[in-house]
Amino acid sequence: MSGRRSLAASIGIVSVKITVGAGCRSLPNVVPCVTVPPGMITVGCSGFAVPATRYFREYEFVEVQETHRAVPGPGTIRRWRREAPEGFQFALLGPREIAQESFRSGKVIETALKTLELVQEELHAQVAIFLPPTDFAHSRSNKSALKDFLAVVRARFSTVVFDAGPAWNPEEADELAEDTQTLAVRDPLQHGVSKRGHAYYRLPGPAGHKSRYEDPAIERLAEIAKSAGHEHAHYVFTNVDMFADGRRFKRAVGL
């Protein structure tokens, strides 16, 4: 599939180079800057929390939420593609039907994946993220089903990311990701950093979706980004204040 890069072909990650400014911008209530080397991290949000034109001025990456619920209209897709700056990266959230099937193969999942591939082609998306059902237990049968599912989607998308859910140990999820050449989601503030060269961090809010990250948490996250030692890592904010929190984090790391 076009879009793959030999640099990290072992897991299929596609890095997006980010230019770091000459220095940190001094703004009120923004934590001290911890400069991160260029190309080391990508920052974005899960969905457009503001109009897309404004979002495109602040970020170079977004998780498209619409693909989780339904199929974005052709007009919407064309507008996003037209308004997005060069180098902008779209990631697609997998259809919720996949979670409802608990990753078990069948006609429902195959139809959902074909629909997702159509949007992928239109947006030239390189990343697909699959979320679990709320009650996805850590069991042998679930692990087997998830592993089989990841093998299927890994052949269809350049970079595959999965969230195994809160019942799973993050290290076990990373082991599964290593076996399947995918990436496992984790929250670095809650579960520490991944030991892998590439990581995908989602930030759900310190106390759930409706909470915001205060300055000490943003500062801690910036220190993690500097010291984690990843070749590349995504930091994706998913909480209600994701647009503002993501901007503060970008400033904290000098982006």
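Scoring PRO72 on the criteria (1) buried (at least 17 other Cβ atoms within 10 Å of the Cβ); (2) in a loop (DSSP other than H, G, I, E, B); (3) of a type outside the set (D, E, K, R); (4) without any contact (Cβ under 8 Å) to a residue 40 or more places away in the chain leaves a single failure, condition (4). Picking from residues in the stretch 131-186 that are more than 19 Å from VAL108 (Cβ to Cβ) and of a type in the set (Ser, Thr, Tyr), the one that is surrounded by the fewest Cβ atoms within 10 Å (Cβ to Cβ) is SER139. Answer yes if at least one residue in the stretch 101-112 is closer than 15 Å to VAL160 by Cβ, at pLDDT 95 or above and touching a Lys or Arg at 6+ places or on another chain (Cβ under 8 Å), and no otherwise. Checked against the condition, which is being closer than 15 Å to VAL160 by Cβ, at pLDDT 95 or above and touching a Lys or Arg at 6+ places or on another chain (Cβ under 8 Å), the stretch 101-112 yields no hits at all. Here's a check for you: in the stretch 78-123, which residue that is over 20 Å from ARG156 (Cα atoms) and in a loop (DSSP other than H, G, I, E, B) is nearest to the chain's Cα centre (by Cα)? Within the stretch 78-123, the match that is nearest to the chain's Cα centre (by Cα) is PHE88. Being over 18 Å from ALA164 (Cα atoms), surrounded by 19 or more Cβ atoms within 10 Å (Cβ to Cβ) and out of contact with any helix residue (DSSP H, G or I) (no Cβ under 6 Å at 6 or more places or on another chain) is a description that applies to GLY254. Screening the stretch 198-255 for residues that are under 16 Å from the mean Cα position of the chain (by Cα) and among the acidic types (Asp, Glu) and picking the one that is farthest from VAL127 (Cα to Cα) gives ASP245.
Within the stretch 217-255, the set of residues being of a type in the set (Asp, Glu) and either without any contact (Cβ under 8 Å) to a residue 12 or more places away in the chain or in a helix (DSSP H, G or I) (or both) comprises GLU219, GLU223, ASP245. Filtering ALA128, ALA155, ALA173, ALA151 for residues that are more than 21 Å from ARG202 (Cβ to Cβ) and modelled with pLDDT of 95 or more leaves a single hit, ALA151.
In this structure, THR159 does satisfy being under 18 Å from GLN181 (Cβ atoms) and in contact (Cβ under 8 Å) with a residue 24 or more places away in the chain. Looking at ALA184, is it aliphatic (A, V, I, L, M), free of Cβ contacts under 8 Å to residues at least 24 places away in the same chain and closer than 29 Å to GLU121 by Cβ? So ALA184 fits the description; yes.
Here's the yes/no breakdown for (1) at pLDDT below 95; (2) farther than 25 Å from VAL64 by Cβ:
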position	(1), (2)
VAL160	no, no
VAL185	no, no
HIS198	no, no
PRO204	no, no
ASP215	no, yes
LEU221	no, no
SER227	yes, yes
HIS234	no, no
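Taking the criterion of being assigned to a strand (DSSP E or B), touching a residue at least 60 places away in the same chain (Cβ under 8 Å) and either under 26 Å from GLU97 (Cα atoms) or basic (Lys, Arg) (or both), the residues of the stretch 35-67 that qualify are GLY44, CYS45, SER46, PHE61, GLU63, VAL64. The condition of being in contact with a strand residue (DSSP E or B) (Cβ under 8 Å, 6 or more places away or on another chain), closer than 23 Å to PRO188 by Cα, at pLDDT below 90 and buried (at least 17 other Cβ atoms within 10 Å of the Cβ) does not hold for ILE41.
The values are calculated or read from the model by the stated rules, or taken from the named source; none is laboratory data. Keep in mind that this is a model prediction, so the values were computed, not measured. Cβ atoms come from the backbone with ideal geometry, glycine included; neighbour counts cover every protein chain shown.
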